[in-house]
Each structure stands twice: as structure tokens, then as C-alpha cells.
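To start, the structure under review is shown below, and the notes come after it.
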């Protein structure tokens, strides 16, 4: 039995895995707008006649170019309309899962008459911010979400408060689980995965089942950029090898294709992102299948992958200019190394190799091209893994990499949280004003 201090940390790790690895139907930024509108609409009676919403620049960036499931339409307006008309607030990130064709048609009708307006909230200090006002007859309700995709901080009806979330007390001797993970180390995560009873973390296998189903959907039809099916065809033609690397590439990309192309299947997310969840899951699943891993080995490898992804992302803004499939793929590298019976040192080498390779890939908004970035990230993870297992690692004299992997992670996250803020603003400016 672990001593008390270790048990407390284990409990925090398990809690965070449950909190940060959860299902979502559709890209989570439009879904956050849909949820705000659904919560607001629940306060009203009668037909929805108008919707107004203001969102943070980062949320606007991640909502402009992505298909809302079941609608064949891009962007935040259809997400807002469908959330107000058909959303189930209790379903959180699966708020749109029960939308019928009749409700989808009604949502599109609101857009046709110009009854939905989404604007940038400026200035806005929050990376993730939604304030949605929904009108039905002569009534209106307003909902605000801040900081996290499902974090409703206030509900108003006709200008009067219905709900206001109280601030969590600062300080104290019992930090929140995510803060405990952020304050841990890669070594502590590795030790936890090695020692924790497998039955305490086997809930993580739901990620394999859910994201694998999404991958199969992506391979069965040409969603989005259909990168997954295209790469698989090259394998079938003999133009690419039928090996573990290419299978990781096409199965992971296919899940992202389906998700970003509007498939009505949920993804298991990581840190609020479906593509991060896909990236942390499917490379490990494919490797486990190819290597003949046991259920227990897969469980521990998947939990390690997701926990490493959460750990690194906890040091980043929730949304930023850094494409976080890169950090999720660092988790995947850790999980694959676990399956290959590599050491902690091998994992640290792989993370350093990836930081020396793929750092700085920008996030220019959620869209079908996300599957390109997913494929790039998992390709980098596989290369970094092979190098690490051969004890080959980027030198501490190179760029932002240091000998201690924790310092390398800190440097990468500082780059995203500080230096890339101007990059993010420029990306958003370009996207808002471009012609297409």
C-alpha cells in the first residue's frame, strides 16, 4: 500500500484523468457556444427568435472554420442556433447529441433570416470566453462561460441574476487536482502508472473504444480532407509500407477527419480538445494491437499518454497559438515507449526530441486541416520514440531543449504562453479579414 502522501497524489491523478478525458460531440469551441445558448434557452418558454453572442478572439479563431455535427455548416452561428433550439444543457460537451433533422432545419432558418449574431469581445483578457443572450418572445436570458468549455459562471433572466458561480478560495493546503498534476513531474507520472492498481485506471479504455469508433467512421467515408483514407489507399496500393507507423498515421488522421468534418460521433477529449484526445489515444491503441499488448499494458500506456498530455498542457493557456496536438503527441510517445518496455529515461528523451523538433507549430483555428497537424504530430512522436529507444536525444546545447526534460517543457510552455501571444493576435487578425 502506498503511504498517505503518495495516495493523495494518486487520487489527484485519477481525478484529473476523469475530469480532463471526457466525451464531446463536435469541436469544443463551437460546442461551448452551443452550451451557453442551450443553458440560456432553458430559462425561457416559447420559440427562439434571436441570438446574440460575444466570444473571445481565441474562441472565434477555433470556431470559424469547423463543421458542426449533422449540419454540413461551418462556424459559430449554426452552433449557437442549434444549441438554443435543440441543446441539452445536462449533456455538457455532448450538448448537441439529441438534435433532430427538424431542429437542425429550424436552426438553419434562424440563420437565413439573420437572427443570429456573433461578435468578438474586445478587449478580452480570457482565452476562452462566451457571453450568449437568447430571445424568445419578449423574454431574454444571458449566460456567460469563462475559462473552460463548460464553466458556466453566470445565468441571467431579463437582466436579473439566476445563478452566479462563487469563486473558489485561493491558497489553502489542499490544491485542486489539476494544480497538483501541474506541480508534479514526468517522473512522478511514470511512477504512478507503474505502481497504481490497474483496476483504478481501467476507465481510460473508454477512450480507446470511442476514438477507435471515430477512426473507423473516418476511414469509411471521405470526411473533411480525408487524410486517413488517402493514406490508407497508399498502403493498399503498395506505395507505403503496411507497418505500425503508417497504421498509426492513417487511423489517427481518420478520426480527426471525421471529427472536423462533422461526423455525429463523439470523441474522447483531452484538456478540452477532441483532436488532443485522438492524438493521445489512437497511436497507443495501434501500437498495442501491433505489439500484441495485454489489456493491462494498454490500460497503463493509455493512462500514461493522457496524463503526460494533461501535465504538459496544464502549463499552457487553455487556448493559444501553439497547436496542442504537438503536446498531446508527447503523451502518445510516452505511451508507446511504455508498450515497448522502455524506461523513464527513454520517455524523457522522446519528449526532448519532440520539443527539439515540432515546437512552434501554430494553431490557426479549428478546421478540416487539423487532421494534417494531427498526422504531423503523431509522425513526430513515432520518430522521437525510435530515436529515444536507441538512446539518441537532442543535445542540451540545441535551441530551447535542456538536459532536464522538465526545463525543456517549461521553456516550450513559456514560448506559447508569452512569446506567441502576438502570433495569436496576428493569426486572428488575418483570419477575420481574409477573403475566401
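The values are calculated or read from the model by the stated rules, or taken from the named source; none is laboratory data. What you are looking at is a predicted structure, and each value in this text was computed from that prediction instead of being measured. Because the Cβ atoms are built from the backbone with ideal geometry, glycine has one as well, and the counts that use them run over all protein chains shown.
Report yes if residue 96 is under 27 Å from the mean Cα position of the chain (by Cα) and outside the structural domain of residue 61 (by TED's automatic domain parsing), otherwise no.
no
From 396, 388, 384, grab the single residue that is free of Cβ contacts under 8 Å to residues at least 12 places away in the same chain, farther than 26 Å from residue 121 by Cα and touching a helix residue (DSSP H, G or I) at 6+ places or on another chain (Cβ under 9 Å).
Just one listed residue meets the conditions, 396.
When you check residue 370 against the structure, is it closer than 30 Å to residue 64 by Cα, touching a helix residue (DSSP H, G or I) at 6+ places or on another chain (Cβ under 8 Å) and crowded, with 24+ Cβ neighbours inside 10 Å, yes or no?
yes
Residue 345 passes all but one of (1) crowded, with 18+ Cβ neighbours inside 10 Å; (2) over 21 Å from residue 56 (Cα atoms); which number fails?
Status for residue 345: all satisfied but (1).
Quick one: how many residues across region 38-47 are touching a helix residue (DSSP H, G or I) at 6+ places or on another chain (Cβ under 6 Å) and either assigned by TED's automatic domain parsing to the domain that holds residue 199 or farther than 24 Å from residue 66 by Cα (or both)?
1
With respect to residue 35, determine if the residue is surrounded by fewer than 24 Cβ atoms within 10 Å (Cβ to Cβ), at pLDDT 95 or above and not assigned by TED's automatic domain parsing to the domain that holds residue 225. Before you say what the answer is, go through the steps one by one.
On the way: surrounded by fewer than 24 Cβ atoms within 10 Å (Cβ to Cβ): no; at pLDDT 95 or above: yes; not assigned by TED's automatic domain parsing to the domain that holds residue 225: yes.
Judged against the criteria, residue 35 is not a match.
Okay, residues lined up against (1) over 19 Å from residue 280 (Cα atoms); (2) assigned to a loop (DSSP other than H, G, I, E, B); (3) assigned by TED's automatic domain parsing to the domain that holds residue 276:
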{"residue": "336", "(1), (2), (3)": "no, no, yes"}
{"residue": "347", "(1), (2), (3)": "no, no, yes"}
{"residue": "386", "(1), (2), (3)": "no, no, yes"}
{"residue": "394", "(1), (2), (3)": "yes, yes, yes"}
{"residue": "406", "(1), (2), (3)": "yes, no, yes"}
{"residue": "409", "(1), (2), (3)": "no, no, yes"}
{"residue": "417", "(1), (2), (3)": "yes, no, yes"}
{"residue": "423", "(1), (2), (3)": "yes, no, yes"}
{"residue": "429", "(1), (2), (3)": "yes, no, yes"}
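Test residue 136 against the criterion of being in contact with a strand residue (DSSP E or B) (Cβ under 9 Å, 6 or more places away or on another chain) and either crowded, with 17+ Cβ neighbours inside 10 Å or farther than 30 Å from residue 375 by Cβ (or both), and give yes or no.
Yes; evaluated as a whole, the condition is true for this residue.
If the requirement is being at pLDDT below 95, assigned by TED's automatic domain parsing to the domain that holds residue 425, farther than 17 Å from residue 187 by Cα and touching a strand residue (DSSP E or B) at 6+ places or on another chain (Cβ under 8 Å), which of these qualifies: 274, 262?
262
If I filter region 89-128 down to residues being buried (at least 21 other Cβ atoms within 10 Å of the Cβ) and in contact with a strand residue (DSSP E or B) (Cβ under 6 Å, 6 or more places away or on another chain), which single residue comes out as nearest to residue 421 (Cα to Cα)?
Across region 89-128, the extreme among qualifying residues is 118.
Scan 77, 89 and give me the residue that is under 23 Å from residue 20 (Cα atoms) and under 24 Å from the mean Cα position of the chain (by Cα).
89
In region 81-91, is there at least one residue being over 20 Å from residue 165 (Cβ atoms), outside the structural domain of residue 426 (by TED's automatic domain parsing) and in a strand (DSSP E or B)?
no
Have a look at 225, 265, 214 and point out the one that is under 18 Å from the mean Cα position of the chain (by Cα) and surrounded by fewer than 23 Cβ atoms within 10 Å (Cβ to Cβ).
The unique qualifying residue is 265.
Can you tell me which of 209, 234 is in contact with a strand residue (DSSP E or B) (Cβ under 9 Å, 6 or more places away or on another chain) and under 28 Å from residue 265 (Cβ atoms)?
It is 209.
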